[in-house]
Amino acid sequence: MVVNGYSERWLRQGFPWVYPAEVISAPPRIRPGDDPLIRAESGAVLGRGLWDDGWIAVRRLREDDGPIDEALLAERVDAALALRQAVIDPETTAWRLLHGENDRLPGVRVDVYGHFLVLTLDSPSLYRLVGPLCALLQARLQPRGVFLAWRLDPRDDADRKLPQPEGLIAGHPPAGDVRVTERGVAALVRPGGGKDIGLYTDMRSNRAWLEPHWAGRRVLNLFAHTGFFSVVAALNGATEVVSVDLSEQVLERAEANLVANGLDPALHTFLAEDVRRALDRMRRTGELFDLVLLDPPGFSHGPDGPMAAAKDYPRLVAASLRVLAPDGWLVGALNVGAVSPRDFHNAVRDGARRAGRTLQLLHEGTQAPDHPAAIDFPEGRYLKFGVWRDVPLG
Ligand SMILES: C[S@@+](CC[C@H](N)C(=O)[O-])C[C@H]1O[C@@H](n2cnc3c(N)ncnc32)[C@H](O)[C@@H]1O
């Protein structure tokens, strides 16, 4: 297949995708999962990738004309494993082994949860990698069970046919929740739980940064999910943690996570309601917190209507600041690749202005190093994280 000059420039810089509009010619009966050689108009070889019929035309897996075979996958897995051996501490048993484009295996993620693995694919066109990857992972890590998950892009046809449904593809399922640890702190996860496994391991380094700063503070954890931030806060001396999430089920899991760490959930508060409603009530009743953690999902539908984090962030920041005590800390996160770190900071600044508060930035973070970001792949640095202090004006 031949790509245009624009795609050639990007591929030469290390960007791993070719978009459909950049393809000048392709073999007549090419099908998703085929592995064409990618050439420039000059005939120069730009690599080999897997063809797709979605919003991405080709994911490039190698830069030369060699095959996409077991040896290539072994090279990628071993290079990824070497990084994790260097950055994952022995007290952490939940981590990302392969991070797609950023580990030179586009569209493929592998997460480790204790003795269980989850292999996530972005497209059915990558399915041919499942067999060899699964065999490799079994040889390297001897997991008890391997799950397959799909992470299809909304830009692709929603009715794409999957070659295999999500679920166990090797070994045995766990008997119940799986107990993993992050830097020695326990979390109960469900590796076969699709999108709700129950732990976001990319936040590990941000939780580590916050560790010395919870003591003596009353904490509000917004969009608390299974409460792992709440657990870490309580373990490190927070006087009370109030966790807010729409879903009662995740809050029950948050309570179980507290118990798994020897903490008493009765000392903390769990509110199953829309964050916007909770913040509004807390403002009216004059509640104040020393630290507010704001980590909304990209999109959600609550009883108070839809919420798009990219657009609603300033409003959420303003509402959070109205319940933040003078001299308190705002911890903000946003996991939306399309929002740049600069726009994220501007959103926090706009929110602070709305609330009439002055903030100073104390720390800026991103995803943990087992979720590396390839420097030529702008989508790689997806997680924005910052800690701001409210400056009391007197
Ligand atoms: C991406 S998770 C947050 C991650 C969490 N901070 C953590 O580190 O585990 C998003 C959570 O927000 C909750 N949620 C979504 N919309 C909400 C809303 N309007 N009000 C309250 N919770 C909401 C979901 O139920 C989900 O548990």
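Taking the fewest neighbouring Cβ atoms within 10 Å as the starting point, the ordered list for 363, 225 is 363, 225.
By other beta-carbon atoms within 10 Å, ranking 38, 169 with the fewest at the front produces 169, 38. Under the criterion of Cα pairs below 8 Å and six or more residues apart, the relative contact order for the stretch 200-390 equals 21 percent. The antiparallel fraction among DSSP beta bridges confined to the stretch 2-62 stands at about 90%. Put simply, the convex hull of the Cα atoms in the stretch 200-390 casts, on average, a shadow of 10.3 nm².
When only alpha carbons are used to place a centre, the stretch 209-229 and the stretch 57-102 end up 32 Å from one another. 3J(HN,Hα) along the stretch 262-269, derived from phi through the Karplus expression 6.51 cos²θ - 1.76 cosθ + 1.60 where θ = phi - 60°, amounts to x, 9, 9, x, 5, 7, 10, 10 Hz, with x in place of Gly and Pro. Could you tell me which of 10, 27, 61 has its Cα farthest along the dipole of the stretch 2-62 towards the positive end, charges placed at Cβ (Lys, Arg +1; Asp, Glu -1), taken about the Cα centre? Farthest towards the positive end: 61. For the chain, the alpha-carbon coordinates run over 69, 46, 38 Å along the three principal axes, in decreasing order. Close amide H partners of residue 97, meaning residues 5 or more places away or on another chain with modelled amide H under 5 Å apart, are 110, 111, 112. Only Cα pairs within less than 10 Å get springs; with that Gaussian network setup on the chain, which residue of 190, 342, 60 has the largest fluctuation? Maximum among the listed residues: 342. With contacts taken as Cα pairs under 8 Å and at least 6 residues apart, the chain reaches a relative contact order of 11 percent. On full extension, the segment bounded by residue 391 and residue 31 gains 123.7 nm, given 0.36 nm per residue less the C-alpha separation. Here the label points at residue 267 and residue 42, each 7 Å from Cα along the C-beta direction, are separated by 6.7 nm in the simple model. Mean-square fluctuations from a GNM of the chain, with a 10 angstrom spring cutoff on Cα atoms, peak among 84, 322, 281 at 281.
If you place +1 on the Cβ of every Lys and Arg, -1 on the Cβ of every Asp and Glu, and leave all else neutral, what size is the dipole of the stretch 70-178 about its Cα centre, to the nearest 20 Debye? That gives a dipole near 180 debye. The calculated Kirkwood hydrodynamic radius for the stretch 120-199 is 14.2 Å, given to one decimal from all distinct C-alpha pairs. Nearest 10 degrees, 0 to 90: what angle lies between the long axis of helix 341-355 and the longest principal axis of the chain (Cα atoms)? Relative to the chain, helix 341-355 is tipped by roughly 20 degrees. Per-residue Karplus couplings for the stretch 72-83, computed as 6.51 cos²θ - 1.76 cosθ + 1.60 with θ equal to phi - 60°, are listed in order as 5, 5, 5, 4, 5, 5, 5, 5, 5, 4, 4, 4 Hz, Gly and Pro entered as x. Straightening the chain between residue 301 and residue 338 buys 11.3 nm, computed as 0.36 nm per residue apart minus the Cα-Cα spacing. For the pair residue 75 and residue 142, a Förster radius of 22 Å applied to the C-beta separation gives a FRET efficiency near 0.60, rounded to the nearest 0.05.
Derived scalar couplings between HN and Hα for the stretch 105-113 equal 9, x, x, 10, 10, 10, 10, 10, 10 Hz in order, rounded to whole Hz, by the Karplus curve 6.51 cos²θ - 1.76 cosθ + 1.60 (θ = phi - 60°), x for Gly and Pro. Between residue 6 and residue 21, the contour length at 0.36 nm per residue exceeds the Cα-Cα span by 4.4 nm. Projected onto their three principal axes, the Cα atoms of the stretch 70-178 cover extents of 42, 33, 24 Å, largest first. Restricting the calculation to Cα atoms, every distinct pair contributes to the Kirkwood radius of the stretch 2-62, found to be 11.1 Å. Paramagnetic label reach from residue 247 (point 7 Å along Cα→Cβ; backbone nitrogen cut-off under 16 Å): within the stretch 163-198, residues 177-178, 188-198.
For 289, 229, what ranking results if the residue with the fewest other Cβ atoms within 10 Å of its Cβ goes first?
Ascending Cβ contact count within 10 Å gives the list 289, 229.
Here's how it looks for residue 302: its modeled amide H is under 5 Å from those of 307, which are all 5 or more places away or on a different chain. GNM on the chain, alpha-carbon springs under 10 angstrom: the most fluctuating residue among 285, 201, 226 is 285.
Values quoted throughout were computed directly from the atomic coordinates according to the rules given, and no laboratory measurement underlies them. Quick caveat: nothing in here was measured; it's all calculated off a predicted structure. Using ideal geometry, Cβ is built from the backbone for each residue, glycine included, and neighbour counts are taken over all protein chains shown.
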